[in-house]
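**Student:** Pasting a structure below so you can have a look.
The values are calculated or read from the model by the stated rules, or taken from the named source; none is laboratory data. Small disclaimer: the values here were computed from a predicted structure and weren't measured. Heads up, the Cβs are rebuilt from the backbone with ideal geometry, glycines too, and the neighbour counts pull from every protein chain shown. Please note that ligands, DNA and RNA were not included when accessible areas were found on the heavy atoms of the full protein model with its side chains. Shrake-Rupley method; radii C 1.70, N 1.55, O 1.52, S 1.80 Å.
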Amino acid sequence: MLFKDVMVDEGLKKQLVMLADENRISHAQLFLGKKGTHSFALAVAFAQYISCSNRHDGDSCGKCPSCLMFEKLQHPDLHLIFPNCTTKEVKKDNDSKQFMSQFRDFVFAHNYHIDFDDWVKEMQSENKQISINIRDCSNIIQQNDIRSYQGGYKIYILWKAEKLHYTAAPKLLKTLEEPENKTLFLLLAESSDQILPTILSRTQLVKIPPLKENVIRQHLVNDEHIDEKVAADFAAISEGSYTKALGLIKKQDELHHLLKQYDNLLKSLNAYVTNADLTAMNYLEIQNMFGEIIKEGREKQKQFINYLSRMFRNELLLHQKSEHLVKAMAAEHEILERYKILFTVKNAAPLLNECNRALYHIERNVSAKLIFTDLYFKMAAAFAKR
Ligand SMILES: [Zn+2]
């Protein structure tokens, strides 16, 4: 993996290159990037750069023997550690090594945009806890007094450091603090909250910022050959994550259906509020729509409510004349404009609270019909009081 192919902030790449060039690499680093960040690619590119015998212009050469081994993720001084569990094939004593070829294939199949939920599916863990366990940590410690094969750094990439099992992490502390024989630890995580403080205090934090909207748009057009307009739409709602943008594009129809449902719902609520007349809301139609959503199960119910929350937040931004902060597709913009009049600072918080309450109740198996009916009339009341 070359730096040029990593989809992260260019400034951050330059910073890592500079640290390597000036030989100021701290031996334990925590790469922190939200779900969907190209952090695994960044870690491999950094490791490859450090090991490359002919690096130039701020990148690895891609041609030296070391680079060629990195390309296959088969460099003897590159150690990949990732969450795993026992499976049908590996019935006991599981560790990362036993799943290495499966993991490499997984990385290549996703162009290094790897996601934990996909890996869980890949492992077919059947609801088993999947973690970086004691055995993986013991392997690291055992290798501590061995020198690297190629004379450079021994590099450990721990993907999903928040999955370090709490019984395994303490074993690693001393090695993280005083590694021997030129060792570099790159821990990757999405959130620092779930990382043990003892690990946090022993690593240098490298924050990977979300990608800019126009960078995502460009990549969608150039790499995935997606239409300019569609790319702009999905870059806008990707929250700075390329993987999220790709995932959303696959679900385009679903999103347009959600928008249609949003439009129907708001049309009904708008009619109720402006006419102060219960018959104008055409509740029967809304009830049928809710029935459809309810029939599709809990995940779809939550998806609909989450969609409402996102649209409500955007409506409020429009109301406050902060159009530049609105994250929406062009078609959504149109609908948002139509109903922004209904939203005020006064009713925004109650509306979002009602959505959260509905989500809470869906999780707890309260009757969905009740939840949706209640939500509808709570919303109507909030709009009436705007
Ligand atoms: Zn090279």
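**Student:** Looking at Asp105 and the list (1) without any contact (Cβ under 8 Å) to a residue 40 or more places away in the chain; (2) surrounded by fewer than 19 Cβ atoms within 10 Å (Cβ to Cβ); (3) more than 21 Å from Asp5 (Cα to Cα), which single condition is not satisfied?
**Tutor:** It fails just one condition, (3).
**Student:** Looking at (1) away from the ligand (no atom under 16 Å from the Cβ); (2) of a type in the set (Asp, Glu); (3) over 21 Å from Ile208 (Cα atoms), find the lone condition where Glu10 falls short.
**Tutor:** Just one mismatch for Glu10, condition (3).
**Student:** Hey, among Lys34, Lys72, which residue is within 22 Å of Thr243 (Cβ to Cβ) and more than 8 Å from the ligand (Cβ to nearest atom)?
**Tutor:** Lys34
**Student:** For Leu32, all conditions in the list (1) modelled with pLDDT of 95 or more; (2) open to solvent by 40 Å² or more (accessible area, probe 1.4 Å); (3) within 22 Å of Leu12 (Cα to Cα) hold save one; what is the number of the exception?
**Tutor:** Of (1) modelled with pLDDT of 95 or more; (2) open to solvent by 40 Å² or more (accessible area, probe 1.4 Å); (3) within 22 Å of Leu12 (Cα to Cα), only one is false for Leu32: (2).
**Student:** In the set Asp117, Asp136, which member is more than 27 Å from Glu178 (Cα to Cα), in a helix (DSSP H, G or I) and either within 13 Å of the ligand (Cβ to nearest atom) or not hydrophobic (A, V, I, L, M, F, W, C) (or both)?
**Tutor:** Result of the check over Asp117, Asp136: Asp117.
**Student:** Further, regarding this structure: So which residues in segment 1-12 are touching a residue at least 24 places away in the same chain (Cβ under 8 Å), part of a helix (DSSP H, G or I) and open to solvent by 50 Å² or more (accessible area, probe 1.4 Å), if there are any at all?
**Tutor:** Lys4, Asp5
**Student:** If Gly62 passes every condition in (1) in contact with an Asp or Glu (Cβ under 8 Å, 6 or more places away or on another chain); (2) away from the ligand (no atom under 13 Å from the Cβ); (3) part of a loop (DSSP other than H, G, I, E, B) but one, which one does it miss?
**Tutor:** (2)
**Student:** When Asp57 is evaluated against the numbered criteria (1) within 27 Å of Leu200 (Cβ to Cβ); (2) within 16 Å of the ligand (Cβ to nearest atom); (3) out of contact with any helix residue (DSSP H, G or I) (no Cβ under 9 Å at 6 or more places or on another chain), which criterion, by number, is the only one it fails?
**Tutor:** (1)
**Student:** Does segment 301-311 include one or more residues that are touching a helix residue (DSSP H, G or I) at 6+ places or on another chain (Cβ under 7 Å), assigned to a helix (DSSP H, G or I) and more than 14 Å from Leu258 (Cα to Cα)?
**Tutor:** No: zero hits.
**Student:** Looking only at segment 13-44, count every residue that is under 28 Å from Pro76 (Cβ atoms), in contact (Cβ under 8 Å) with a residue 12 or more places away in the chain and part of a helix (DSSP H, G or I) and tell me the total.
**Tutor:** Of the residues in that region, 10 qualify.
**Student:** For the list (1) of a type outside the set (Phe, Trp, Tyr); (2) open to solvent by 50 Å² or more (accessible area, probe 1.4 Å); (3) more than 16 Å from the ligand (Cβ to nearest atom); (4) modelled with pLDDT of 95 or more, I need the number of the one condition that His27 fails.
**Tutor:** Result: His27 fails condition (4) only.
**Student:** Then there's this: List every residue pair whose Cβ atoms sit under 7 Å apart, with the two residues 6 or more apart in sequence or on different chains, where the first one lies in segment 57-72 and is not assigned by TED's automatic domain parsing to the domain that holds Ala41 and open to solvent by 20 Å² or more (accessible area, probe 1.4 Å) and the second, anywhere, is part of a helix (DSSP H, G or I) and more than 6 Å from the ligand (Cβ to nearest atom).
**Tutor:** Correct list of pairs: empty, since none qualify.
**Student:** When you look at Glu89, is it more than 16 Å from the ligand (Cβ to nearest atom), open to solvent by 50 Å² or more (accessible area, probe 1.4 Å) and not aromatic (Phe, Trp, Tyr), yes or no?
**Tutor:** Here the answer is yes, as Glu89 does meet what is asked.
**Student:** Do any helices (runs of 4 or more DSSP H) lying entirely in segment 173-281 carry at least 1 residues that are open to solvent by 60 Å² or more (accessible area, probe 1.4 Å), touching a residue at least 24 places away in the same chain (Cβ under 8 Å) and among the basic types (Lys, Arg), and which ones are they?
**Tutor:** 228-236, 242-250
**Student:** With the checklist (1) among the polar types (S, T, N, Q); (2) open to solvent by 10 Å² or more (accessible area, probe 1.4 Å); (3) within 16 Å of the ligand (Cβ to nearest atom) in hand, flag the one item Gln48 doesn't pass.
**Tutor:** (2)
**Student:** Across segment 73-102, which residue is nearest to Ala41 (Cα to Cα) among those that are touching a residue at least 40 places away in the same chain (Cβ under 8 Å) and of a type in the set (Val, Ile, Thr)?
**Tutor:** So, considering only residues that are touching a residue at least 40 places away in the same chain (Cβ under 8 Å) and of a type in the set (Val, Ile, Thr), the one nearest to Ala41 (Cα to Cα) is Ile81.
**Student:** Still on this structure: Is it true that some residue in segment 155-172 is touching a Ser or Thr at 6+ places or on another chain (Cβ under 6 Å), closer than 30 Å to Leu246 by Cα and touching a residue at least 40 places away in the same chain (Cβ under 8 Å)?
**Tutor:** Yes, segment 155-172 contains at least one residue that is touching a Ser or Thr at 6+ places or on another chain (Cβ under 6 Å), closer than 30 Å to Leu246 by Cα and touching a residue at least 40 places away in the same chain (Cβ under 8 Å).
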